[in-house]
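Down below is the structure, laid out as structure tokens.
Throughout, read-outs are computed from the coordinates displayed, never taken from laboratory work. Here the structure is a predicted model, which is why all the values come from computation and not from measurement. FYI the Cβ positions are ideal-geometry reconstructions off the backbone, even for glycines, and counts take in every protein chain you see.
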Amino acid sequence: MRAFAHLLDRLQGLGLVAEAAAHCDIPCKIYDPGPILIDALTVVRMIDILDDWRAHRPEDDIAFLNTVARAVAQKEEHAEKVKQAVRVIWGDYFKAPQFEAFPQIHELTHRIMLQASAARQGVSREAAVKLVDLVNEFAEIFWATKSVKTKRCTAPYPPALAVVYPDL
């Protein structure tokens, strides 16, 4: 492996191979906060489903218990997906120029991590909606780093909350 790296260095020195630079492991340039917003909306939706079933089913009903188990599992999974996807964009996409332009991204990323954990820990719709709000802020900053204008529109599916979309 060392010999190969040495060979590439020599070829680059001779101008036969251009130096490559990337912001992630593979220079894919495919980052988009859209899926993160869908995951955050799913957390809210699972809480809404739990609240609806709690209001309309007795607790000893096996269908109710099954729905509770499935909704909680999905809520947990999607809150964790939010955390993972935000970490990837923050760690792989954001670099010095973006940090200089948007220094609040560090604190915002940390707040998203904490809020996603709070949404996982309970069944508070308020906590889940706050997660959507924070992810919307993250999406606005992300698109601003690419000089893409954004708009907030109501998602066309439950829970029908406002989400940030690129205004293309």
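Okay, here's what the table says:
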item: 0 to 90° range, to nearest 10: angle between helix 105-121 axis and the chain longest Cα axis; result: 30 degrees
item: Within region 49-100, trypsin sites (Lys or Arg not before Pro) in DSSP loop having at most 11 other beta-carbon neighbours inside 10 Å; result: LYS95
item: Between helix 62-88 and the chain: long-axis angle, C-alpha atoms, 0 to 90°, nearest 10; result: 20 degrees
item: Helix 2-13 vs. the chain, principal-axis angle (Cα, 0 to 90°, nearest 10); result: 70 degrees
item: Residue range of the chain that is longest and free of GluC sites (Glu not before Pro) which are both DSSP loop and sparsely packed (at most 15 other C-beta within 10 Å); result: 60-168
